[in-house]
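Note sheet for the following structure.
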Amino acid sequence: MAAYNARMLSTIANRLSRFPLKKWEPTSGDAKNTAAVLVLLHGDNKNPKVLLTQRAMHLKTHAGEVAFPGGMWDSIDTDLLQTALREANEEVGLQAEAVKPIATLPTASPRRREISVTPYVALASGSLHLNSESDEISTIFNVPLTFFLRHDEYKYFEMEIPSEEGIREIRFPYITYKKFKIWGFTLKVLTDMLNDTIDAEIDLDYPFHSK
């Protein structure tokens, strides 16, 4: 990995060209179960960061979890990229003109299998002027991408998940940055992106997500 450090962001951006930007609109039958998130990379070339949020504790779903800015598709959105940008503006005050979308990563489903989420990668240069007036977000923070290359920081925890057979205990990988536990869909998107672009060799066992 040392060979990539001096040009990490440009290397990632160049290799994301294999994931072309797609501005699709969900079909009418799938619209209510379709979401998009923004994977915003920013900072200098040597030490880029990714923007993440922590969801508020009062929410009925995913309370307190770390997530990308994003949310469900709305009929006012022309496509899923606009969904990601609109939600990022509502949640963290990010202006669409301040970012450059460059790639669409593979659509996947979090723990709620009926929901389909499309991640859009975007770049931002210069300082980000963010603020959260959304009651859905408790914290906005940034994580250096190099942090995810520390293989010895990854651990596993168990969670009880309802299934057709009853309650099952499932192991999930996670990594803790400062006080923030990053896991699930968010971690899967980031580690897959790093594996695909800079051969990060992050080998984790995800129970629900297949590559």
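What follows draws every value from the coordinates through simple rules; no lab data is involved. Because the structure is a prediction, the values reported are computed rather than measured. Don't worry about glycine lacking a Cβ; one is built from the backbone with ideal geometry, like all the others, and counts go over all protein chains shown.
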- Considering each residue of the range 23-42, count those that are surrounded by fewer than 18 Cβ atoms within 10 Å (Cβ to Cβ) and in contact with a helix residue (DSSP H, G or I) (Cβ under 8 Å, 6 or more places away or on another chain), and give that number. 3
- Item | Of residues in the range 118-133 being under 18 Å from ARG86 (Cβ atoms) and among the hydroxyl-bearing types (Ser, Thr, Tyr), the one surrounded by the fewest Cβ atoms within 10 Å (Cβ to Cβ) | SER132
- Note on the structure: Every listed condition ((1) touching a Leu at 6+ places or on another chain (Cβ under 9 Å); (2) within 30 Å of SER17 (Cβ to Cβ)) holds for TRP183 save (1)
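Just to be sure, is LEU190 in contact with a strand residue (DSSP E or B) (Cβ under 8 Å, 6 or more places away or on another chain), buried (at least 18 other Cβ atoms within 10 Å of the Cβ) and in a helix (DSSP H, G or I)? Outline the logic, then answer.
Numbers: in contact with a strand residue (DSSP E or B) (Cβ under 8 Å, 6 or more places away or on another chain): yes; buried (at least 18 other Cβ atoms within 10 Å of the Cβ): yes; in a helix (DSSP H, G or I): yes.
Yes: the conditions hold for LEU190.
Of LEU123, LEU128, LEU85, LEU81, which residue is over 20 Å from ILE202 (Cα atoms) and touching a Leu at 6+ places or on another chain (Cβ under 6 Å)? So that I can check it myself, show each step before the final result.
Numbers: LEU128 fails: touching a Leu at 6+ places or on another chain (Cβ under 6 Å); LEU85 fails: touching a Leu at 6+ places or on another chain (Cβ under 6 Å); LEU81 fails: touching a Leu at 6+ places or on another chain (Cβ under 6 Å).
Only one candidate qualifies: LEU123.
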- Message: Within the range 134-144, does at least one residue satisfy the condition of being surrounded by 13 or more Cβ atoms within 10 Å (Cβ to Cβ), touching a His at 6+ places or on another chain (Cβ under 6 Å) and in a strand (DSSP E or B)?
- Response: no
- Looking at ILE175, is it touching a helix residue (DSSP H, G or I) at 6+ places or on another chain (Cβ under 8 Å) and assigned to a strand (DSSP E or B)? yes
- Name the pairs whose Cβ atoms lie under 6 Å apart, with the first residue in the range 163-191 and at negative phi, the second of a type in the set (Ser, Thr, Tyr), and 6 or more positions between them or separate chains? ARG171/TYR156; PRO173/TYR154; PRO173/TYR156; ILE175/TYR154; LYS181/TYR174; TRP183/TYR174; LYS188/TYR206
